[in-house]
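Each remark here refers to the structure printed beneath this line.
Read-outs: derived from the displayed coordinates by stated rules, not from any lab. This one's a predicted model, so the numbers in the text were calculated from it and none came from an experiment. Counting neighbours? That spans all protein chains shown, and the Cβs are built from the backbone with ideal geometry, glycine included.
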Amino acid sequence: MRFPFLLRKQEQAWRERKSRFQQVMDLAHDVAKIDPVGLQTLVRLVAAPLQAKTITSAAHAMPHGASWADSFSCLFFQDGLPVTPDGQRAYEISSRRSDQRFRLRLGIDPVLATPWHRDRLANALATIGFGKRQGPWSEDGNHLVSLLLPIGVGIVFGGNHSMAAGIANGEGFVTSTDVQDLTPLYSHVRYDGLDFLRNHDGAQLSQPEDEEPGMLFEIGRLMVERGVAAGVEYVDPEAAAAPSMSGGDGYYKVLINGQDAGVALTSSGAAMALRQAGLQEGSVEWGEVLHGASPFVRSNYQGHEERIELRWSIRRRVVDDLKSVHGVMSWVAADDD
């Protein structure tokens with residue numbers, strides 16, 4: 001038998017959790033009214049505590065006691081549960097695809113790594129990064145990330161310890177291994193601030209321990225309704241000459257009506273600008289603009305049209321020891337910064 005005061009305490013906690021969820025969704029609608037693209041930034045804001053929780057769980061827990069967030073089921077609800085009246089399961093509706101690639105910026109874009117072994121985490125933090133024994137973080141075949149659309153959150157299921165170092169250092173890029181689109185689930189599942197529920201009968205699918213996955217799920221619903229894509233960079237598989245991130249941080253020089261604007265635009269910023277201009281992500285026109293072969297037009301704050309061109313450049317790395325300079329980086333152009 002549960003004591004009345006414990007029941008009241010639990011009910012109060014549930015009310016507070018639902019209130020926090022409602023506050024976040026009210027903010028999401030306010031952002032969408034101003035500019036729906038801002039929902040991409042809200043995703044980063046809401047995902048930040050969850051990312052911090054997963055990346056530090058091995059540090060806070062006993063060995064092998066980390067909190068896992070390496071799959072859909074860990075975050076939301078068991079993907080083998082039926083979600084439609086005819087018994088279709090979540091994984092059948094929201095399947096993983098490997099024919100699309102996205103590039104995520106570690107330390108900026110939401111990437112959920114779960115370093116589970118304290119010794120491995122200690123080694124990664126001590127040796128990976130600019131100025132450390134293994135050098136700056138770099139992507140390799142051990143790094144496996146599944147990207148959740150439309151929210152643009154990466155779930156790490158390979159290379160968790162080195163990825164955690166990259167995230168902590170805010171250093172490097174990782175390309176998604178596959179993509180899981182949540183969009184088809186929105187017709188069948190909802191989150192009410194406490195539970196994931198089936199729409200057709202109201203049955204509970206789960207009550208997740210963490211609040212952020214449910215918030216992100218419902219922000220994703222709003223992104224779909226407002227036509228907002230994930231705030232991560234699409235990688236064109238057909239573009240053999242696609243800009244490379246090797247050797248330094250890549251960016252785009254911005255030319256306005258043929259004149260250098262004197263600013264550097266990130267890859268995700270360029271993608272956002274193209275979406276706002278109405279270009280279809282992954283289209284021929286999209287690729288031409290990103291590769292400097294074609295301009296696009298925008299209206300400035302005075303309402304005048306401006307011709308915008310993007311020029312890919314690589315920012316030179318700054319080192320404090322000549323021993324770090326091992327040879328000529330041929331991919332860095334003479335006029336790169």
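Please give the length that would be gained between L81 and E225 if that part of the chain were fully extended, namely 0.36 nm times their separation in residues minus their C-alpha to C-alpha distance (nm, one decimal). Provide the component values of the computation, followed by the final result.
Values: separation 144, 0.36 × 144 = 51.84 nm, distance 2.52 nm.
Extra length from L81 to E225 when fully extended: 49.3 nm.
What number, in nm² with one decimal, is the all-direction average of the projected area of the convex hull of the alpha-carbon atoms of region 4-232?
Average of the hull's projected areas for region 4-232 equals 14.0 nm².
If you take the beta carbon distance between R20 and S95 as r and set R0 to 30 Å, what does 1/(1 + (r/R0)^6) give as a FRET efficiency, to the nearest 0.05?
That pair, R20 with S95, gives E of 0.40.
If the reach is capped at under 16 angstrom between alpha carbons, list the lysines near K18, excluding any in the same chain fewer than eight residues apart.
Cross-link targets: K9.
Can you give the FRET efficiency for K33 and R298, using 1/(1 + (r/R0)^6), R0 = 30 Å, r = Cβ-Cβ distance, to the nearest 0.05? Spell out each step's value before the answer.
Values: r = 21 Å, r/R0 = 0.71.
Efficiency at R0 = 30 Å is approximately 0.90.
Residues with beta-carbon under 13 Å from that of Y191, excluding Y191: net charge, scoring Lys, Arg +1 and Asp, Glu -1?
Overall, the nearby charge balance is 0.
For region 1-61 and region 177-236, compute the distance between their C-alpha centroids and round to whole Å.
Using only Cα atoms to place each centre, the spacing works out to 14 Å.
What residues from region 79-121 fall in the zone where the backbone N is under 16 Å from a label point 7 Å along the Cα-to-C-beta line of S187?
83-95
Multiply the residue separation of H291 and N199 by 0.36 nm, subtract the distance between their alpha-carbon atoms, and state the gained length in nm to one decimal.
Values: separation 92, 0.36 × 92 = 33.12 nm, distance 4.46 nm.
Gain on stretching H291 to N199: 28.7 nm.
If packing is taken as the mean number of other Cβ atoms within 10 Å per residue, what is the order of 176-187, 200-211, 96-107, highest first? Please list the in-between numbers first.
Numbers: 176-187: 18.5, 200-211: 13.8, 96-107: 16.4.
Ranking, from highest mean packing down: 176-187, 96-107, 200-211.
Determine the sum of side-chain charges near Q23: Lys and Arg each +1, Asp and Glu each -1, restricted to other residues whose C-beta is under 15 angstrom from that of Q23.
Residues close to Q23 contribute a combined charge of -3.
At a Förster distance of 30 Å, what's the computed FRET efficiency of I256 paired with Q280, Cβ-Cβ distance as r, to 0.05?
Plugging the Cβ-Cβ distance into 1/(1 + (r/R0)^6) gives 0.80.
Once you list every other residue whose beta carbon is under 9 Å from the beta carbon of L50, what net charge do they have if Lys and Arg are +1 and Asp and Glu are -1?
The answer is -2.
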